[in-house]
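Read through the structure below, which is laid out as structure tokens, and then see the notes.
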């Protein structure tokens, strides 16, 4: 059954005079005694899909040129309905259904079957709604990323008509090709590249694709629709991702129901992909990995962190929650070494994300599952490959952590990542990975090999974009002694008194961002890992935080 027939059934059942569907609003039922509304709003993507299913191509062409069209639909319920379509702006569509006069469907033009519509010439131009999206309107919450990209390159007087055409008349690929011409696909290119190219065009960090949901992106830290279009089925998503999935990953996905791999669009970007299964079917998340590695100045990495790049041995950790920019920070540090030292760098990743070409260093990048079986195997083998610097993409298990510490102890500089939220919890996480009978020995080994930890979060930046907040702990005799004695709860005090050595707590850096006008106080409070202290600090700085759910 077509979606439109669902509403026709309601029209018949309730004996309504008409039904009006507006994007993002509740459905309006028209009765002689007055209007009534449904309890739930209808999404714009649902309206677009309804029209795409029911309207003939001639109607869509009329809609493209005028912003308004109409036709007669014969429902299986036996009722003919007159359908009026209006494109009132990007993401703002109106569909009105009213019972059609008797014989309206039969009076349609020969060959049109159940459909009848006026020609474009019969619709007065004055009735065509004007829908304009200019670059000044891009920040509106009602404008999707695809429309934002369009506004940067489309004159205001043509934006409305082109958006209308893109959303419905041209099918799924029309939105991209009309809103951003440079994201059209070349012959033979995988179909999923259309979404990835658009994601890159609007500078989103992640593309989320889930069954029965229209594609979404993370833009400036927020999840929002990529474009106006119908949801994708699990079967459609499976076909899209399998087209680019390496054979090894297809087998892994079929066996384990999730897999990781990298996908590259030459001249555009690399993407880290994770494909999984949830209760609705197949899903996938793509993280954009730019070809160009950001510089130290672009990231705002403190000088004391850069000093860690000149070490000859030791363990340096970059930590933070998923999506906090750990990979970007590590890539920048490795690139800095690559430009300034003459050493051998080995990276072990799953999958390889940022690509490092040889500059002053020799760089070997190994991918788990493609070039080596496991992190621990590759890390153990690295000891026989004459490395100076080893990067471990993820220190996931006890054995990998153990080998990484041993590698750092034997005269190599090791960089690694952990999913911890603070410098202190990073030390605790490493030690707690080991059985109780080994923890004392690991404390001694870690106190001697540990050189520093950078814990980071990404905050929404005022005016758009994001900015990193860093917590930095640098090893010194006091830090090493507290780790050795198991008094990690005192490490925060050492960080607070060690500012002259380049140390800083997360709250200190977040407060600096607030005072500099980069971050809202509420955002700093939300991203803080010590909210009570953060709230007091903000209050002393003249910012009162009153959130409903203090956490």
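Computed from the coordinates by the stated procedures, all read-outs in this text should not be read as laboratory data. These figures come from a predicted structure and were not determined experimentally. Methodologically, a virtual Cβ is constructed for each residue, glycine included, from the backbone with ideal geometry; neighbour enumeration extends over all protein chains shown.
So if I restrict to the alpha-carbon atoms in the stretch 237-322, what is the Rg, and what is Dmax, the biggest pairwise distance, in Å?
Taking only Cα atoms of the stretch 237-322, I get Rg and Dmax of 17.9, 50 Å.
Would the stretch 275-376 count as rounded, prolate or oblate if I go by the C-alpha gyration tensor, calling it rounded below 1.5 in a/c and otherwise prolate when a/b exceeds b/c, oblate otherwise?
prolate
Could you line up 520, 254 from fewest to most neighbouring Cβ atoms inside 10 Å?
254, 520
Considering the zone a paramagnetic label at residue 266 would reach in this model (a point 7 Å from Cα along the Cα-to-Cβ line), which residues of the stretch 186-209 have amide N under 15 Å from it?
Under 15 Å, as judged by backbone N against the label point of residue 266, lie 186-190 of the stretch 186-209.
Please find the FRET efficiency linking residue 242 to residue 186, where r is the Cβ-Cβ separation and R0 is fixed at 30 Å, and quote it to the nearest 0.05.
The pair residue 242/residue 186 has a calculated efficiency of 0.90.
Using alpha carbon centroids, what distance separates the stretch 425-461 and the stretch 375-405, in Å?
Rounded to whole Å, the Cα centres lie 16 Å apart.
Using the number of other C-beta atoms within 10 angstrom as an exposure proxy, rank 184, 426 with the fewest first.
184, 426
Sort out for me the Cα centre separation of the stretch 312-331 from the stretch 274-295, rounded to whole Å.
Between the Cα centre of the stretch 312-331 and that of the stretch 274-295, the gap is 19 Å.
If each residue of separation counts as 0.36 nm, what is the full-extension length gain between residue 512 and residue 14 once their alpha-carbon separation is subtracted?
173.2 nm
Let me know the shape class of the stretch 352-427, please: from the alpha-carbon gyration tensor, a ≥ b ≥ c as square roots of the eigenvalues, rounded when a/c is under 1.5, otherwise prolate if a/b is greater than b/c, or oblate.
rounded
Using the alpha carbon gyration tensor of the stretch 296-504, what are the three equivalent-ellipsoid semi-axes (square root of 5 times each eigenvalue), largest first, in whole Å?
For the stretch 296-504, the semi-axes come out at 24, 22, 16 Å.
Label points 7 Å out from Cα along the Cβ direction at residue 30 and residue 53: separation in nm?
2.3 nm
In Å, what Rg and Dmax follow from the Cα atoms of the stretch 478-551?
Spelled out, the Cα radius of gyration and Dmax of the stretch 478-551 are 14.2, 41 Å.
Need one number: nm distance between label points at residue 38 and residue 385, each 7 Å from Cα along Cα→Cβ, rounded to one decimal.
Here the answer is 5.7 nm between the modelled labels.
Once fully extended, how much extra length lies between residue 394 and residue 98, figured as 0.36 nm per residue of separation less the alpha-carbon to alpha-carbon distance?
So the chain would gain 100.6 nm between residue 394 and residue 98.
What does the extension gain come out to for residue 355 and residue 257, with contour length at 0.36 nm per residue minus their alpha carbon separation?
Taking 0.36 nm per residue and subtracting the Cα distance, the gain is 32.5 nm.
For the residues 445, 199, what sequence is obtained by ranking on other C-beta atoms within 10 Å, fewest first?
445, 199
Give the separation of the Cα centroids, the stretch 197-215 to the stretch 49-98, in Å.
Using only Cα atoms to place each centre, the spacing works out to 28 Å.
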